[in-house]
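Only the coordinates and a few stated rules stand behind these numbers; no lab work does. Bear in mind that the values here come from a model prediction, so they are computed numbers and not experimental data. Here the Cβ positions follow ideal geometry from the backbone for every residue, glycine too, while neighbour counts run over all protein chains shown.
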Amino acid sequence: MLNIVLFGPPGAGKGTQSEKIIEKYQLTHLSTGDLFRKHLGEGTELGKLARKYMDEGRLVPDEVVIGMVDDKIANTPNTNGFIFDGFPRTVAQAEALDKLMQKNNSGISVMIALEVEEEVLKQRIRERGKTSGRADDQDEEKIATRIGVYLDETLPVAGYYEKQGKLSKVNGVGTIEGIFQDICNVIDRY
Ligand code: ADP
């Protein structure tokens, strides 16, 4: 199995690149942001719980996220592998993911970290906000909160994978195709 963690700040292009990666490598996309938005849309209990955190640009509690991911993995038999997008976002989530993978006799192959500077991120998120309908994309304070949470809580996750020799950095500024090519060059080593 090829299991990839696609990592980067909000607005780095994880969703866009994920779509291209799953098509080429036939992987299962597991985006915790997308899963939460689906729950929100369906009005489930999980969706109601997650909403208040998401609306404020804060992280949903680890145990809630981990339970949801466990569920999704358990309900996806016979896959070539997963691309984790927007997860893990804390070191506790990364540890939990390792355990979940072990339980399935598998492991994380590589973390690909998209690097984009803060001003470019903010600009991209504002642009996306014009069409995405996402409340968290349309408010300067929420955008700033999400980038702050990323720097404080999520960036250490890169260190977690670096210690395991699994971190590969890719420049997230350029054309969609050019960035995709750089990502493929990393994946093809595994
Ligand atoms: P972004 O564009 O900020 O990367 P996502 O679509 O990945 O957005 O996530 C939107 C929101 O969903 C986050 O701001 C957070 O509230 C919640 N969320 C998504 N994934 C996680 C996670 N792994 N842990 C905690 N909260 C999460």
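Computed over the chain with a Gaussian network model linking Cα atoms closer than 10 Å, the most mobile of 120, 110, 170 is 120.
In terms of overall dimensions, the range 9-70 has a Cα radius of gyration and Dmax of 12.9, 36 angstrom. Placing +1 on the Cβ of every Lys and Arg and -1 on the Cβ of every Asp and Glu, with no other charges, gives the chain a dipole of roughly 300 debye about its Cα centre.
In terms of its C-alpha gyration tensor, the range 4-187 has a rounded overall shape, because the principal axis ratio a/c (a ≥ b ≥ c, square roots of the eigenvalues) stays below 1.5. Shown is the FRET efficiency for residue 119 and residue 79, computed with R0 = 30 Å from the Cβ-Cβ distance and rounded to the nearest 0.05: 0.20. Projected label points at residue 188 and residue 63, each 7 Å from Cα along the beta carbon direction, are separated by 4.6 nanometres. Using the Cβ-Cβ distance between residue 92 and residue 169 with R0 set to 22 Å, the FRET efficiency from 1/(1 + (r/R0)^6) comes to roughly 0.45. Cut-off under 20 Å on the C-alpha distance; same-chain residues fewer than 8 positions from residue 20 excluded. Which lysines are left, in chain and number order? Of all the lysines, those that pass the test against residue 20 - Cα under 20 Å, at least 8 places apart if same chain - are 169.
Annotation for the range 86-146 versus the range 168-190: alpha-carbon center distance of 17 Å. Relative to the current alpha-carbon distance between residue 28 and residue 176, full extension at 0.36 nm per residue lengthens the span by 51.2 nm.
Over 20 Å between Cα atoms: which of 48/103; 142/163; 99/163; 38/72 fall into that group? From 48/103; 142/163; 99/163; 38/72, over 20 Å: 48/103; 142/163.
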